[in-house]
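These notes are about the structure you will find just below.
The values are calculated or read from the model by the stated rules, or taken from the named source; none is laboratory data. Remember, it's a predicted structure, so these values are computed and weren't measured experimentally. Cβ: placed from backbone, ideal geometry, glycine included. Neighbour counts: every protein chain shown.
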Amino acid sequence: MLLLKKFSDGVLIINSDNNALSRNSLYKLFLPLLILISGCTAHYPVSESIDEINPFGGYRSQLTQNESRSDTLFVGIAFSGGGTRAAAFSYGVLEALREITIQWEGKERRLIDEIDTISSVSGGSFTAAYYGLFGDRIFEDYEEKFLKIDVEGYLKGILWKPWTWFSLGSSFFGRSDYAAEYYDEILFEGKTFADMMSSNGPLIQINATEVSTGTQFTFLQGQFDLLCNDVSTYPVSRAVAASSAVPVLFSSITIDNNAGSCGYQRPPWLDAVLNSEDDISRRRHLAEKYVLWLDRETYPYLHLYDGGLTDNLGVRPFINRFTFAGNAWELAKSTGKQDSKRLVIIIVNAQAESKTHFSRLASPVPLLDTIMGATSIPLNEYTFESLVAVKSAMADFSKDFAEGRCADRVSKGEDTAGCDEFKANLIVIDLDDIKDKQKRDRLKQLPTSFVLNPSEVDDLRNAAKEIIGESKTFQKFINDLN
């Protein structure tokens, strides 16, 4: 029988009736107390704040120029969400682009080396972030480090490990925080966005969803300026964890809002849009969302979940930048791409297709199927609308860009020769484009999870290469370059 005698100088003295108290008994006795104490101290990493904004520093779109990339060719890629299915499919696209060489301005280049930016959500963010940090190293170890291991099994398993209960008992440390630590361990090696910037790779736009405002959140310094935070010190693993934090399965990733402490000034165009009479335009809608986080009192914290909630294609940053700029030429000037002659946006869509059976049921739809449908139906419809939106934006892009550049040169008294030499292309690499119906159905019905069989990973990689090789739109783009 245990005897709890007294506290002596703050130490609890424990005796046993003639038997030494076992270590296991002590463990069982004090485990709940240890969890409580540790839970009170565990806290997510706090974002570093800035005292003033440096428009010429930080991880920004206009500062990611690379001498090895041509100034006259712009290649933007969007990686969709979809767990390991999306990660493997997007990886297959990178493998294909590595093997394609182009002739541009008298030089032979790998097409992959001409990528200016990759925008990504959820599963696609793992591939985008790893490539952004490590470049061609992705082709050496990404499969064994991530694609072909049971990431989901580990993340589920941590809930049953006693030492994780200490942190998970805290209100300030959740499952996504543990996931970020795990991603850091297996993939990202403690790298921050400062490392991303110094890698001289393409601009990586990792996207999440801020649930308080229902707004897309992109891990770039321009977004962090509103919060008076420094993205350069922010861990890439936490950005990816936020981008892939499926609600319920994962907790949100939290960012402190320090708005109002760094002298941020709203750009003139923003107030012009907010004060315009057109109160139902898309530009006005984005502007109203944009300024919400400036109200630190109302939004002292941002809570980030899966980027697919607001854009499962990863293409909205392209659309939003175009919308904010107002036209193609203003967009080019704001991103330092005034000399461009060709632009291509490649959308990599690994969206799944779930076969339902309840149309055959006379009884009401089961609750679980109802919940799944309530989330997947609007997501699929919004994905379609995103495709329509980007196609619409691209339709007049070439004309608007050329007219804007020519008018700009005329106003400055500059030579206008070649000012109208510009062409824009949109290419969609989609699992729907797999010609073999049996293979297409099988790959589209792979689960949106973080574990697939190695053979399924290989099938997705090979499918990406096959689709690119057989795409008439893609081949025409390559032939036009050459």
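Quick test of your reading of the structure: G469 fulfils all but one of (1) surrounded by fewer than 20 Cβ atoms within 10 Å (Cβ to Cβ); (2) small (G, A, S); (3) at pLDDT below 95. Name the failing condition by number.
Failing condition for G469: (3).
Looking only at the range 246-265, count every residue that is free of Cβ contacts under 8 Å to residues at least 24 places away in the same chain and closer than 21 Å to R316 by Cα and tell me the total.
Residues meeting the conditions: 0.
Among the residues of the range 238-259 satisfying the criterion of being of a type outside the set (S, T, N, Q) and more than 15 Å from the chain's Cα centre (by Cα), which is farthest from G307 (Cα to Cα)?
A259
Return the total of residues in the range 66-75 being among the small types (G, A, S) and surrounded by fewer than 21 Cβ atoms within 10 Å (Cβ to Cβ).
Matching residues across the range 66-75 total 1.
Can you tell me how many residues within the range 417-430 are out of contact with any strand residue (DSSP E or B) (no Cβ under 9 Å at 6 or more places or on another chain) and farther than 16 Å from A332 by Cβ?
1
Which one of these is under 23 Å from L331 (Cβ atoms), assigned to a helix (DSSP H, G or I) and either modelled with pLDDT of 95 or more or touching an Asp or Glu at 6+ places or on another chain (Cβ under 7 Å) (or both): A402, A463, A393, A389? Spell out how you get there, then give the answer.
Working: A463 fails: under 23 Å from L331 (Cβ atoms); A393 fails: either modelled with pLDDT of 95 or more or touching an Asp or Glu at 6+ places or on another chain (Cβ under 7 Å) (or both); A389 fails: either modelled with pLDDT of 95 or more or touching an Asp or Glu at 6+ places or on another chain (Cβ under 7 Å) (or both).
Result: A402 is the single residue among A402, A463, A393, A389 that is under 23 Å from L331 (Cβ atoms), assigned to a helix (DSSP H, G or I) and either modelled with pLDDT of 95 or more or touching an Asp or Glu at 6+ places or on another chain (Cβ under 7 Å) (or both).
Failed condition for L313, given (1) outside any helix (DSSP H, G or I); (2) at pLDDT 90 or above; (3) surrounded by fewer than 21 Cβ atoms within 10 Å (Cβ to Cβ), with all others met?
The failed condition is (3).
Please find, within the range 390-415, the residue that is farthest from I319 (Cα to Cα) out of those that are of a type outside the set (D, E, K, R) and exposed (fewer than 13 other Cβ atoms within 10 Å of the Cβ).
Here the answer is G413.
Working carefully through the options L304, L331, L270, find the one that is modelled with pLDDT of 90 or more and either over 30 Å from K465 (Cβ atoms) or assigned to a loop (DSSP other than H, G, I, E, B) (or both).
Testing whether each residue is modelled with pLDDT of 90 or more and either over 30 Å from K465 (Cβ atoms) or assigned to a loop (DSSP other than H, G, I, E, B) (or both) leaves just L304.
Kindly establish whether F217 is under 25 Å from T310 (Cβ atoms), among the aromatic types (F, W, Y) and assigned to a strand (DSSP E or B). Give the steps one after another, and end with the answer.
Working: under 25 Å from T310 (Cβ atoms): yes; among the aromatic types (F, W, Y): yes; assigned to a strand (DSSP E or B): yes.
Criteria met by F217.
On the given criteria, is V246 touching an Asp or Glu at 6+ places or on another chain (Cβ under 9 Å), β-branched (V, I, T) and modelled with pLDDT under 95?
yes
Does P268 satisfy being loosely packed, with under 14 Cβ neighbours inside 10 Å, under 30 Å from R405 (Cβ atoms) and free of Cβ contacts under 8 Å to residues at least 60 places away in the same chain?
Working: loosely packed, with under 14 Cβ neighbours inside 10 Å: yes; under 30 Å from R405 (Cβ atoms): yes; free of Cβ contacts under 8 Å to residues at least 60 places away in the same chain: yes.
Taking the combined requirement at face value, the residue satisfies it.
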